[in-house]
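*Asks:* Starting off with a structure, shown below.
Throughout, read-outs are computed from the coordinates displayed, never taken from laboratory work. Quick caveat, the model's predicted, so the values are computed rather than measured. As a convention, Cβ positions derive from the backbone with ideal geometry for all residues, glycine included, and neighbour counts pool all protein chains shown.
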Amino acid sequence: MKHAWWGLLLGLGLLAWAPGLGRAADKGTVVEIDGMKSTTPAEWKEETPSSNLRYAQFKLPKVKDDKQDAELVIFKGIPDTVKGNIERWQKDFLPPKGKKADEISKVSEVKLGGKDATYVDVQGTYLFKTRPRDPNEKPQERPDYRLLGVIYEGETKYQIRLVGPAATVEHYKKGFDEWLKNFK
């Protein structure tokens, strides 16, 4: 009987110690935009923003045979128009021969906490740069990539950008869309 209790206690101790079990981060991260909040899916791994231009940053682990993780970044207060953001995001992709940027992207309206926002979906060869707007950095071509972006202009402007291999982005799209809908 003593051995059974020790085994049970040891098992419970291992469960309590196991990395990630029971931590709040496993339930997602609460993100606040313009006083509205929504909790990210638990799969998204919060990271320290890699620059002071980034309000928040998440890694979305790769799926299937993808070689890269996807990244979700939220920018806050960066001045640009909706049209300017859309054009910039489209220029980050090479369309297939014979197609234009407008043909590889979809732009629609969505609600973020009941307020209007613009949703952009772009697919093609991503022109990756470590420093995205550095004109001297040569881009790395990453075929079959996808960007889901949201531009929200409330009291403050926000740009939300999820970019990565197309299969990985598709895997997280439902959770991304739900996360947007849940802002309250």
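Matching residues to (1) part of a loop (DSSP other than H, G, I, E, B); (2) without any contact (Cβ under 8 Å) to a residue 24 or more places away in the chain; (3) more than 17 Å from residue 146 (Cβ to Cβ); (4) not aliphatic (A, V, I, L, M):
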site: 41; (1), (2), (3), (4): yes, no, yes, yes
site: 51; (1), (2), (3), (4): yes, yes, yes, yes
site: 58; (1), (2), (3), (4): no, no, no, yes
site: 62; (1), (2), (3), (4): yes, no, no, yes
site: 71; (1), (2), (3), (4): no, no, no, yes
site: 74; (1), (2), (3), (4): no, no, yes, no
site: 79; (1), (2), (3), (4): yes, no, yes, yes
site: 85; (1), (2), (3), (4): no, no, no, yes
site: 96; (1), (2), (3), (4): yes, no, no, yes
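*Asks:* Within the range 118-133, does at least one residue satisfy the condition of being touching an Asp or Glu at 6+ places or on another chain (Cβ under 9 Å), farther than 22 Å from residue 50 by Cα and not in a strand (DSSP E or B)?
*Replies:* No, the range 118-133 contains no residue that is touching an Asp or Glu at 6+ places or on another chain (Cβ under 9 Å), farther than 22 Å from residue 50 by Cα and not in a strand (DSSP E or B).
*Asks:* Scan the range 129-156 for residues that are farther than 23 Å from residue 77 by Cα, surrounded by 15 or more Cβ atoms within 10 Å (Cβ to Cβ) and free of Cβ contacts under 8 Å to residues at least 40 places away in the same chain and jot them down.
*Replies:* 139, 146
*Asks:* Tell me, please, whether a residue that is in a loop (DSSP other than H, G, I, E, B), touching a residue at least 40 places away in the same chain (Cβ under 8 Å) and loosely packed, with under 11 Cβ neighbours inside 10 Å can be found in the range 100-110. Let's see the steps before the verdict.
*Replies:* So in the range 100-110, the residues in a loop (DSSP other than H, G, I, E, B) come out as 100.
Filter once more, so that each one left must be touching a residue at least 40 places away in the same chain (Cβ under 8 Å): none.
No: zero hits.
*Asks:* Right, another one. Tell me, please, whether a residue that is touching a residue at least 12 places away in the same chain (Cβ under 8 Å) and farther than 23 Å from residue 155 by Cα can be found in the range 112-122.
*Replies:* Yes - at least one qualifying residue is present in the range 112-122.
*Asks:* Output the residues belonging to the range 137-165 that are more than 12 Å from residue 122 (Cα to Cα) and part of a strand (DSSP E or B). Spell out the reasoning first.
*Replies:* Pass one, the range 137-165, residues more than 12 Å from residue 122 (Cα to Cα): 137-143, 151-160.
Answer for the range 137-165, where residues must be more than 12 Å from residue 122 (Cα to Cα) and part of a strand (DSSP E or B): 140, 141, 142, 143, 151, 152, 153, 157, 158, 159, 160.
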